[in-house]
Ligand code: PLP
């Protein structure tokens, strides 16, 4: 394999719920969830059933044909957005969802884009052009021209950058890869007003913050705005590769036949898994549970010595540390059988499956606190 992921130190062989097992038989509590992806954990019976039934019925059809699973999932997403004008384009990943939004924005007749510093929107050349992280961008320049990055959460900076030549503004409701950074409350609303003033598409990248992750279906709902475009992936497929770009409102631009496409996007098996995940989350009222776990984690982790802040919403939390030892701490947690990640030197990110139990949450808190006592905090 290419060295782009380095050489992982753990090889996982199986999983059930939140517990994964490596090839040596060591068990871990998975508090990263495939980076905010496995909303129902591993090998969940409803996903296994939906996937098995679908692959035994109809596996792949190409986009010359529609199929019941794709139609049902699109209808469900439309219902969740609360907008009867919502129109869904299915793809396979977050980068592809953002590529679709980027292409769609050209239909405004404008080509300038405003994104934010520190953001992550994917690795393909278009999505990378939107991404605001120099370390990921610099080796691949030249990227798309006409993309300007401004400070995340700073509406004045947005006001200086956005004008009548801007095609789209793209933001994450919470910047996940940057270390779970939450903008000031009101930012998205002000951004909505700014985009309306100049006739600019507001694209909200909910790839990491969608499908219940933050305690609402989409990461922007807290501010009660309606974006023009939403992008989704990660949790959408319930662990299978699935992304979506959704246009909202009656006057968002639309692709004409033949203007965009992908072979696997919205494949019946991935769509069936996604539908099963959403139905399970709804039926078991998991969004409410997620909110209560957020409170518990914030209170208990916030009281651990060395933790300066617990940022984020729902089950996407960034635990800020009082020094640059997050990578050491993540390694220690892994030794103790807990999987997390360190998006930067001072932050531990957790994004467990939404089906996590209170017992598992408390086990995580206990082991986290012990590791904080043991780790060299510098
Ligand atoms: N957008 C956001 C907010 C993300 O967090 C990610 C991945 O981490 C992406 C886009 C890219 O998604 P993918 O890796 O599926 O291409």
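For the stretch 161-177, the criterion of being assigned to a helix (DSSP H, G or I) and in contact with a helix residue (DSSP H, G or I) (Cβ under 6 Å, 6 or more places away or on another chain) is met by no residue.
Of the residues making up the stretch 95-118, those that are under 16 Å from residue 260 (Cβ atoms) and within 13 Å of the ligand (Cβ to nearest atom) are 95, 96, 97, 98, 99, 100, 101, 102. The number of residues in the stretch 77-92 being surrounded by fewer than 24 Cβ atoms within 10 Å (Cβ to Cβ) and within 11 Å of the ligand (Cβ to nearest atom) comes to 1.
Condition check ((1) surrounded by fewer than 21 Cβ atoms within 10 Å (Cβ to Cβ); (2) under 30 Å from residue 281 (Cα atoms)) across all residues:
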site: 159; (1), (2): yes, no
site: 166; (1), (2): no, no
site: 189; (1), (2): yes, yes
site: 214; (1), (2): no, yes
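Given the residues 366, 308, which is the only one that is free of Cβ contacts under 8 Å to residues at least 12 places away in the same chain and either assigned to a strand (DSSP E or B) or over 22 Å from residue 174 (Cβ atoms) (or both)? Going through 366, 308 in turn, just one is free of Cβ contacts under 8 Å to residues at least 12 places away in the same chain and either assigned to a strand (DSSP E or B) or over 22 Å from residue 174 (Cβ atoms) (or both): 366. Could you say whether any residue in the stretch 54-75 is assigned by TED's automatic domain parsing to the domain that holds residue 294, part of a helix (DSSP H, G or I), at pLDDT 95 or above and under 18 Å from residue 241 (Cα atoms)? No, the stretch 54-75 has no match at all.
Considering the stretch 221-238, the residues that are within 14 Å of the ligand (Cβ to nearest atom) and in a loop (DSSP other than H, G, I, E, B) include one that is nearest to residue 99 (Cα to Cα), namely 233.
Test residue 218 against the criterion of being within 16 Å of the ligand (Cβ to nearest atom), more than 20 Å from residue 103 (Cα to Cα), part of a loop (DSSP other than H, G, I, E, B) and modelled with pLDDT of 95 or more, and give yes or no. Here the answer is yes, as residue 218 does meet what is asked.
Considering 169, 182, the condition of being more than 11 Å from the ligand (Cβ to nearest atom) and within 25 Å of residue 341 (Cα to Cα) is satisfied by 182 alone. The set of residues in the stretch 253-297 being farther than 19 Å from residue 352 by Cα and either without any contact (Cβ under 8 Å) to a residue 12 or more places away in the chain or loosely packed, with under 13 Cβ neighbours inside 10 Å (or both) consists of 254, 256, 257, 258, 259, 263, 283. Considering (1) buried (at least 23 other Cβ atoms within 10 Å of the Cβ); (2) within 11 Å of the ligand (Cβ to nearest atom), the lone condition that residue 241 does not fulfil carries the number (1). Being part of a helix (DSSP H, G or I) and surrounded by 14 or more Cβ atoms within 10 Å (Cβ to Cβ), is that true of even one residue in the stretch 334-354? Checked against the condition, which is being part of a helix (DSSP H, G or I) and surrounded by 14 or more Cβ atoms within 10 Å (Cβ to Cβ), the stretch 334-354 yields at least one hit.
Checked against (1) within 16 Å of the ligand (Cβ to nearest atom); (2) touching a strand residue (DSSP E or B) at 6+ places or on another chain (Cβ under 7 Å), residue 212 passes all but a single condition, namely (2). Of all the listed residues (134, 142, 184, 173), the sole one being crowded, with 24+ Cβ neighbours inside 10 Å and at pLDDT 95 or above is 173.
For beta carbons closer than 6 Å, sequence separation of 6+ or different chains, a first residue in the stretch 106-133 that is more than 18 Å from residue 179 (Cα to Cα) and a second that is within 14 Å of the ligand (Cβ to nearest atom) and outside any helix (DSSP H, G or I), the qualifying pairs are 127/121.
Screening 278, 350 for residues that are under 29 Å from residue 183 (Cβ atoms), in contact with a strand residue (DSSP E or B) (Cβ under 6 Å, 6 or more places away or on another chain) and modelled with pLDDT of 95 or more leaves exactly one candidate, 350.
The values are calculated or read from the model by the stated rules, or taken from the named source; none is laboratory data. Just so you know, these numbers come straight off a predicted model, no measurement behind them. Neighbour counts are summed over all protein chains in view; Cβ atoms, including those assigned to glycine, are modelled from backbone coordinates with ideal geometry.
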